[in-house]
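Asker: First, the structure itself, so that you have it in front of you.
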Amino acid sequence: MTSKNTICLWYDGDALDAANFYAETFPDSVVTAVHRAPGDYPNGKEGDVLTVDFTVAGIPCMGLNGGPYFKHNESFSFQIATDDQEETDRLWNAIVNNGGQESDCGWCKDRWGLSWQISPRVLTDAVMGSDKAAAKRAFNAMMTMKKIDVAKIEAAVRGEGG
C-alpha cells in the first residue's frame, strides 16, 4: 500500500545512487521501486531513471531526477535519533566520509546536499527535559560541537566539565 504522504526529494540524475546509499546506511531503510522514463524528455532519454521510491528510517520518500534546477538546503533535514556514541559515529561518518560535509550542532550534509541531524537521544532528552539548568548546560555543550559527543553531553547534564 502506498503512503498517503511521501517526501519528494529532488536530485540531478543521481536519485538511485542516493536511495541506495540511504538504504545501506540507515536502519529501516530500503529501495522499493525504480521507475524509468517511458519516453524521451527535455533532459533525458527513454529508459533513464525518472523516480526512485525508497524509505529512510521508516519515512517513505521518492527521489525525483529533476535536473540541476533546484538544490537541497538546510530548510529541510532528516533528524535521526541515535541511541549511543557508536551509532552516532557510524551514521555521521557514513555521511561525512562519503563526500559529505560537517556542520555544527550535530548537523551534516550528504554528497547530494541533503542535510541530516544526527541527534543522540541523550541530547534531545536533556534539551527538551524539565530540568532547565541541565537543559541549558547540554545546549551550551552542543553549541561547541560538530558531531555530538555523548559523554560530554552526559557530563554537562550532570553539571561536570566546561
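The values are calculated or read from the model by the stated rules, or taken from the named source; none is laboratory data. Nothing here was measured: the structure is a model prediction, and the numbers come from that model. Neighbour counts are summed over all protein chains in view; Cβ atoms, including those assigned to glycine, are modelled from backbone coordinates with ideal geometry.
Asker: Could you please let me know if residue 25 is of a type in the set (Val, Ile, Thr), within 22 Å of residue 74 (Cα to Cα) and surrounded by 12 or more Cβ atoms within 10 Å (Cβ to Cβ)? Explain how you work it out, then say what you get.
Answerer: Numbers: of a type in the set (Val, Ile, Thr): yes; within 22 Å of residue 74 (Cα to Cα): yes; surrounded by 12 or more Cβ atoms within 10 Å (Cβ to Cβ): yes.
Yes.
Asker: Tell me the residue from 64, 114 that is touching a His at 6+ places or on another chain (Cβ under 6 Å), among the hydrophobic types (A, V, I, L, M, F, W, C) and modelled with pLDDT of 95 or more, please.
Answerer: Numbers: 64 fails: touching a His at 6+ places or on another chain (Cβ under 6 Å).
Result of the check over 64, 114: 114.
Asker: If you don't mind, there's one more thing I want to ask. Name the residues in the range 18-70 that are outside any strand (DSSP E or B) and basic (Lys, Arg), would you?
Answerer: Kept after step one, since they are outside any strand (DSSP E or B), are these residues of the range 18-70: 18-29, 37-40, 42-43, 45-48, 57-58, 66-70.
Once the filter is applied, which keeps residues that are outside any strand (DSSP E or B) and basic (Lys, Arg), the range 18-70 yields only 45.
Asker: For the range 12-59, enumerate the residues that are closer than 26 Å to residue 88 by Cα and either in contact with a Leu (Cβ under 8 Å, 6 or more places away or on another chain) or among the small types (Gly, Ala, Ser) (or both).
Answerer: 15, 18, 19, 23, 25, 26, 29, 31, 57, 58
Asker: Search the range 117-129 for residues that are at pLDDT 95 or above and pair each with any residue that is basic (Lys, Arg) and assigned to a loop (DSSP other than H, G, I, E, B) when their beta-carbon atoms are under 8 Å apart and the residues are at least 6 apart or on different chains.
Answerer: 118/147
Asker: Specify which of the listed residues (113, 66) is surrounded by fewer than 19 Cβ atoms within 10 Å (Cβ to Cβ), in the same structural domain as residue 49 (by TED's automatic domain parsing) and small (Gly, Ala, Ser). Talk me through it step by step, then tell me what you get.
Answerer: Working: 113 fails: in the same structural domain as residue 49 (by TED's automatic domain parsing).
After applying the criteria, what remains is 66.
Asker: Also: In the range 90-110, which residue that is touching a residue at least 12 places away in the same chain (Cβ under 8 Å) and out of contact with any strand residue (DSSP E or B) (no Cβ under 9 Å at 6 or more places or on another chain) is surrounded by the most Cβ atoms within 10 Å (Cβ to Cβ)?
Answerer: Looking at residues that are touching a residue at least 12 places away in the same chain (Cβ under 8 Å) and out of contact with any strand residue (DSSP E or B) (no Cβ under 9 Å at 6 or more places or on another chain), I get 94.
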